[in-house]
Amino acid sequence: MEKIKDFFSRYSYDSVKMLLDQVVLAFFGFGLTIATLQARNETLMLIAGVGSAIFYLAMIYSVAWKMGTTDRPIIDMGHRKFNPLTGTLTSLVANIPNLAVAITIMINNLFGDGSGISGAIGRFLNGMYHSLMHLIKFDGKAFHMCLDCEACLQGTNPNVDYLHACWWIYFVLIIPAVLVSTVAYIMGAKGKMFTKLMVPDLPASDRPTRKEVKERKEEERRKEEQRSMDHSQDKN
């Protein structure tokens, strides 16, 4: 119980940040879907869907990687054991709403009349994948891409359906974020990175205090006033 409490005290903020990033990217993904649907271009929709998904996973990677870099000094000093599943657990906590919606959709599809409002919530939460789910179809045996949905659904195979209408897809869509979070945390804790654009946060001991920040701003203000006075004297 103590370990669970410690985990939530340390990483609950990161889980919430992952969830908020997902909501933001969901709106972004829906916007791309609407734009590409109006263009009626399969290639454009595919590019938009892949780009939206990569952007979302990159944000998840950033959060988990910074978690790892923050924990690295503590691990190196021996104050905490390295746990490669920290990123996994943090992502799973962030995905609790997704998992709850996925279970509801599954129950409604298997034992009810359809996904209903839970399906709408699921499509919203996974908006960053919506372009791909709208473009890709599943006929029970194989996947294929088709933007002309009506012709596809009313064609020779009545089993063809939107990917977002398949209840199992909402479980599958949780996996990429969990895997990325797992890898990112391990890389951060080991001091490795995919790109030099990502810079570790300063340790708490190296960060300026509020007093120091205030003093620096005050010093900059005094220097600016002095420069203004010197400039006025030079004109005179």
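The values are calculated or read from the model by the stated rules, or taken from the named source; none is laboratory data. What you see is a predicted model; the values in this text were computed from it and never measured. Here the Cβ is made from the backbone with ideal geometry for all residues, glycine too, and neighbour counts use every protein chain on show. The protein model used for the area step is the full one, side chains on, heavy atoms only, and it has no ligands, DNA or RNA in it. Shrake-Rupley method; radii C 1.70, N 1.55, O 1.52, S 1.80 Å.
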Task: Residue identified as at pLDDT 90 or above and β-branched (Val, Ile, Thr) among Ile54, Ile4, Ile34 - done: Ile54
Task: Those helices (runs of 4 or more DSSP H) lying entirely in segment 1-120 with at least 2 residues within 20 Å of Ser131 (Cβ to Cβ) - done: 2-39, 42-76, 96-111
Open item on the list: Suppose we filter segment 119-136 for residues that are among the aromatic types (Phe, Trp, Tyr) and open to solvent by 20 Å² or more (accessible area, probe 1.4 Å); how many remain?
Closed with: 1
Task: From Ala94, Ala64, Ala53, Ala48, residue being more than 25 Å from Ile186 (Cα to Cα), open to solvent by less than 40 Å² (accessible area, probe 1.4 Å) and either under 17 Å from the mean Cα position of the chain (by Cα) or acidic (Asp, Glu) (or both) - done: Ala48
Task: Tally, over segment 75-103, of residues that are among the β-branched types (Val, Ile, Thr) and closer than 14 Å to Ile169 by Cβ - done: 2
TODO: Tell me, yes or no, whether segment 206-229 has at least one residue that is at pLDDT 75 or above, small (Gly, Ala, Ser) and open to solvent by 50 Å² or more (accessible area, probe 1.4 Å).
DONE: yes
Task: Matching residues, segment 159-183, being at pLDDT below 95 and open to solvent by less than 20 Å² (accessible area, probe 1.4 Å) - done: Val160, Leu163, Cys166, Ile169, Tyr170
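Take the conditions surrounded by fewer than 19 Cβ atoms within 10 Å (Cβ to Cβ) and either farther than 22 Å from Ser9 by Cα or modelled with pLDDT of 90 or more (or both) and apply them to Gly87. Does it pass? Explain how you work it out, then say what you get.
Numbers: surrounded by fewer than 19 Cβ atoms within 10 Å (Cβ to Cβ): no; either farther than 22 Å from Ser9 by Cα or modelled with pLDDT of 90 or more (or both): yes.
When the stated conditions are applied, Gly87 does not pass them.
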Task: Selection within segment 25-38 - surrounded by 13 or more Cβ atoms within 10 Å (Cβ to Cβ) and without any contact (Cβ under 8 Å) to a residue 12 or more places away in the chain - done: Gly31
TODO: Kindly list the number of the only condition in (1) acidic (Asp, Glu); (2) more than 22 Å from the chain's Cα centre (by Cα); (3) surrounded by 16 or more Cβ atoms within 10 Å (Cβ to Cβ) that fails for Asp76.
DONE: (3)
